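Following: one structure in structure tokens, then a few remarks.
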Amino acid sequence: MEQFKGQPRLPKFAVPKRYELRFKPDLITCKFGGSVSVDLDIVADTQFIVLNAAELSVDAGSVSFTHRDSSKVFKPSKVEAFQEDGILVLEFGETLPIGPGVLAIGFEGILNDNMKGFYRSTYEHNGEKKNMAVTQFEPVDARRCFPCWDEPAWKATFKITLDGVPSELVALSNMPILEEKVDGHLKTVSYLESPIMSTYLVAVVIGLFDYVEDHTSDGVKVRVYCQVGKANQGKFALYVAVKTLELYKEYFAVPYSLPKLDMVAIPDFSAGAMENYGLVTYRETALLFDEQHSAAANKQRVATVVAHELAHQWFGNLVTMEWWTHLWLNEGFATWVSYLATDSLFPEWKIWTQFLDELTDGLKLDGLEESHPIEVEINHAAEVDEIFDAISYRKGASVIRMLQSYLGAEVFQRSLASYIKKHASSNAKTEDLWAALEEGSGEPVNKLMNSWTNQKGYPVISVKVKDQKLEFDQTQFYSSGSQGDGQWIVPITLCCDSYDVRKSFLLQSKSETLDIKEFLGCSVATGCGCTSNKNNAVYSWIKVNVDQTGFYRVKYEEELAAALRNAIEKKHLSSTDRFGILDDSFALSMARQQSFASLLTLLSAYREELEYTVLSNLITISYKLARIAADAVPELLDLINQFFIGLLQYSAEKLGWQPKPGESHLDAMLRGDILTALAVFGHDQTIDEASRRFHAFLDDRNTPLLPPDIRKAAYVAVMQRASASNRSGYESLLRVYRETDLSQEKTRILGSLATCPDPNITLEVLNFLLTPEVRSQDAVFGLAVSSEGRETAWTWLKANWEYISKTWGSGFLITRFVSAIVSSFASFEKVKEIDEFFKAHPNPSITRTLKQSIERVQINAKWVESVKSEKNLADAVKELAYRKY
């Protein structure tokens, strides 16, 4: 039996074809019993059957294998579970006959409270706390519910029956109900057999729900289930789901393959949502929308998450990755196509401009030396959780967008449809997608894309002008400032002075030189950064990576950079290009390839910016710069904050506090972001006005003075003045938290509490996160502590690490605890302290995250040292802070 321990994959001598499953969950004792009969093909001589099982009590006496042809029953001589590997090994006294048979196993388990496997979630009904039973199997937790071949490639059909369900409860699974038998207070519910699918997509939900219902034009029944009394909050998601299913049917040229689609809001849920075939589960914040109390950002989140999960019904469920190495195929693609769907439904949201947030998050993580390739080897189930990260989702989505932009939308769509048709009800690898795109386009897709999926990182393209020639040079970009040795085939796009003529080429070597006049049809006069026309001298600009479709950064020589700064001020550039120049410049400054002062000077060119996506990123960057300044040049911090306040005044005055009739969705989101930033940077008038409106809200929760889009800003403003000696604002906010039953409002408040600059309040907030008042999946929202509170947060994390490690033990939530608190530091001494603590208190689930967080601290520390030694920074800051616009 020992030979099967420590193996990354299950042996292939038995192939599952069909599962017949019975579960009997008890929502009072939080236990469940079950049995599984698996139709198997024995395809090689073996005395063993090896499958996955974890945290289950298997009844050894119930285990048998019946050979179909001879009807001979084989009982195992030994049944052993290896918990560390999550496997169950059955040893038989003789070699099993080749051919079909049925494996039967009886088992018991616990409805755990870890939000994985078969678990319990709690809700209140008529003032009474109740349990619901929910499954969450991706990536490797179906084995915690029933013994199975828990790998994506082992696809099978599933016939599910639930016994002993309280008759008043709703019981859902992937397929529609075949039969429901009521016996007194209990019922037995059986479901139609599923199509072929992977174990991680099997799902069951049992609880008390209301629902809203609609149908697609071709008759698919769509329902949104939520807690009793919240049905109206499901209507927006229902609308999005029906429209999205119809859109994907056209886009993929394949209809949705099940007769129904249920979407369920689960109160306790670790991820954002899960794409179980025909039964998609969500956090409440990702599915429910309250017209009166949800913000525009909440509405957008619901739309994009629903579109993401429904994309998986094709890309993931119908065509499934062969192994977790190809996870990015699922997640990167669903992320990209969710923007396509959302843009189709809500073109006024300009959602593709916001895709740049995905791009930026991907670039940030992939700029670390501790990043990983899109395709990463997975050698043990325990390693899978950590790759559900910005590389698989966001870099994955970004390289798909880059490829679609290069190949063209029509060719891309046609090739995708042929890929799905070819691999439907089967499994695929990355190279299968490349082959379909190569065949459809005639382009060398495999060669082009391998450099993006098989190695970590990305290039920075340096651009300079010499003798009317444009010189391009690629080097691997690291945020640490180190030089990497990666090389890519880079789709370069560029334009000069206007968007009328866009040019593109593939940079296939380390460097390339182009004749500007010949290639772009314009000229750049060196020495002044300008060209002449008959009327007057105008700056001539060259923008590389037009609309940020490429997954790379661009570094311009000073003259080209100055011309682009001028083009930003003159409003000649698109919002996506204004975003890109700012983001690249910020990354180059962090990597110490550009001065802190020059970055602040670039920021000043955005003083009349009004686009949500650009300003949102500018605010995020400003927060980071203020933190670096607090560590490097604390004596200049007030002036730097004054500069940031001045930078946001124009847009703040344009938007005001009150929503305007008919204003855009983006302006509604922007108002909240700008007012929050002004409060954080200490703008007294904003904090005063926010406090006034907050007190009106305390008296009347429906006051028009505090609409949902600016509530977070008001909450943050109130916390800026809260302290151990002035607790009223803090305690009022806690009262609002306790009184609301809207998850979005609770997370809004949690995200505001820890921004308080008083470390005493920070500690109270952090302790509050560990109380039963905060659902365990929401605790991470309260970790956004102020600069003043980070040392308190680190001491708190160390003091509570044993409890945190036990409660959030594995999965991505524990990684959020570590990265949120650890990454905020900026000293080499702290690196040593962090490293020593986690060596003494190891947790294998955070190995990769911890290395990345420590690297971020080192990057911050180097940046702080660099800013400290920057000459003339004080003069530049004073000039910018006091500049009158």
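The values are calculated or read from the model by the stated rules, or taken from the named source; none is laboratory data. Just so you know, these numbers come straight off a predicted model, no measurement behind them. All Cβ positions, even for glycine, are placed from backbone atoms using ideal geometry, and neighbour counts span all protein chains on display. Side chains are part of the model used for accessible areas, which takes the heavy atoms of the whole protein and leaves out ligands, DNA and RNA. Shrake-Rupley method; radii C 1.70, N 1.55, O 1.52, S 1.80 Å.
General observations
- Sequence-separation-based contact order of the chain, relative, with Cα cut under 8 Å and 6+ spacing, percent: 8 percent
- In the chain, the portion of solvent-accessible area held by carbon and sulfur atoms comes to 48 percent [1.4 Å probe, whole percent, DNA, RNA and ligands not counted].
- The Cβ shell under 15 Å around LYS469 holds other residues with a net charge of -4, Lys and Arg each +1, Asp and Glu each -1.
- Ellipsoid fit via the Cα gyration tensor, the chain: semi-axes of 47, 33, 26 Å, each the root of five times an eigenvalue, largest first.
- Note on segment 125-229: Rg/Rh from C-alpha atoms, Kirkwood Rh, equals 0.99.
- Charge tally around SER866: other residues with Cβ under 14 Å, Lys/Arg +1 each, Asp/Glu -1 each, net +1.
- Shape call, segment 645-738: gyration tensor on alpha carbons, a/c limit 1.5: oblate
- Across all directions, the average projected area of the convex hull around the alpha carbons of segment 741-796 is 3.4 nm².
- Annotation: lysines with alpha-carbon distance below 28 angstrom to LYS798 (same-chain offsets under eight excluded): LYS116, LYS364, LYS624, LYS746, LYS806, LYS830, LYS832, LYS839, LYS851, LYS862.
- Cβ crowding within 10 Å averaged over residues, with 343-352, 146-155, 223-232, 302-311 ranked highest first: 302-311, 146-155, 223-232, 343-352
- Two-site label geometry, LEU698 and GLU246: point separation in nm, points 7 Å out along Cα→Cβ: 4.9 nm
- For the Cα trace of segment 753-875, dividing Rg by the Kirkwood Rh returns an Rg/Rh value of 1.01.
- Distance between segment 263-299 and segment 674-713 - C-alpha centres, whole angstrom: 26 Å
- Radius of gyration (Cα atoms) of segment 22-140, expressed as a multiple of 2.2 N^0.38 Å: 1.28.
- Subtracting the Cα-Cα distance of HIS841 and GLU663 from their residue separation scaled by 0.36 nm leaves 58.9 nm.
- Positive contributions from Lys and Arg (+1) and negative ones from Asp and Glu (-1), summed over other residues with Cβ under 11 Å from the Cβ of THR46, come out at -2.
- Alpha carbon convex hull of segment 710-818, volume per residue in cubic angstrom: 95 Å³
- Fully extended contour minus Cα-Cα distance, from LYS421 to GLU168, at 0.36 nm per residue: 86.9 nm
- Rg to Rh, two decimals, where segment 204-282 supplies the alpha carbon set and Rh follows Kirkwood: 0.97
- Theoretical FRET efficiency, 1/(1+(r/R0)^6), r = Cβ-Cβ of LEU770 and LYS72, R0 56 Å, to 0.05: 0.50
- Accessible area per residue for the chain is 38 Å², calculated with a 1.4 Å probe on protein heavy atoms, without ligands, DNA or RNA.
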